[in-house]
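Asks: Pasting in a structure now, in structure tokens, and then I'll have a few things to ask.
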């Protein structure tokens with residue numbers, strides 16, 4: 001195998017599974033399956049203007065599939081398999097909706113499938129960067145390199161008494 005072929009194969013493994021993936025025991029079949037998954041998700045996002053994801057619960061190992069949809073310029077809908085809202089058909093509902101409304105960025109959460117009204121309306125105006133109280137040592141670290149590996153999001157249970 002030539003050096004160019006070796007470099008190509010190493011790069012393909014890294015696209016599929018991140019840094020140094022060629023030395024982590026992944027088979028060529030696993031790499032092709034992961035690349036097909038990436039391709040399918042990209043095609044779906046391109047056609048539907050959405051982004052699919054999986055949320056992993058590190059405590060139980062459970063996972064839930066979801067997607068973010070920005071079909072309109074009005075907001076972003078978050079969908080989760082097995083969740084919905086009162087006025088939508090099953091697995092088509094939007095329990096979380098983010099929008100710019102009346103001059104404010106807001107998150108609307110529909111935590112009760114039996115109610116048309118959101119259970120929570122959260123303004124993000126307090127999170128504006130312009131409202132940060134500056135600390136002399138606080139600054140963005142521009143020397144960080146972008147992460148190019150797989151990202152997994154973990155959910156942890158919240159203890160009510162804390």
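The values are calculated or read from the model by the stated rules, or taken from the named source; none is laboratory data. Because the structure is a prediction, the values reported are computed rather than measured. Please note: Cβ atoms are built from the backbone with ideal geometry, for glycine as well, and neighbour counts cover all protein chains shown.
Asks: Give the residue, chosen from 13, 8, 26, 38, that is assigned to a loop (DSSP other than H, G, I, E, B) and either outside the structural domain of residue 110 (by TED's automatic domain parsing) or in contact with a helix residue (DSSP H, G or I) (Cβ under 8 Å, 6 or more places away or on another chain) (or both).
Replies: Checking each option against the conditions leaves just 26.
Asks: Sticking with this one: Using the structure shown, decide if residue 60 is surrounded by 15 or more Cβ atoms within 10 Å (Cβ to Cβ), assigned to a loop (DSSP other than H, G, I, E, B) and either touching a residue at least 24 places away in the same chain (Cβ under 8 Å) or outside the structural domain of residue 37 (by TED's automatic domain parsing) (or both). Before you say what the answer is, go through the steps one by one.
Replies: Details: surrounded by 15 or more Cβ atoms within 10 Å (Cβ to Cβ): no; assigned to a loop (DSSP other than H, G, I, E, B): yes; either touching a residue at least 24 places away in the same chain (Cβ under 8 Å) or outside the structural domain of residue 37 (by TED's automatic domain parsing) (or both): yes.
When the stated conditions are applied, residue 60 does not pass them.
Conditions (1) modelled with pLDDT of 90 or more; (2) surrounded by 15 or more Cβ atoms within 10 Å (Cβ to Cβ); (3) in contact with a helix residue (DSSP H, G or I) (Cβ under 8 Å, 6 or more places away or on another chain), marked per residue:
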| position | (1), (2), (3) |
| --- | --- |
| 50 | no, yes, yes |
| 73 | no, no, no |
| 85 | yes, yes, no |
| 93 | no, yes, no |
| 115 | yes, no, no |
| 138 | no, no, no |
| 157 | no, no, no |
| 162 | no, no, no |
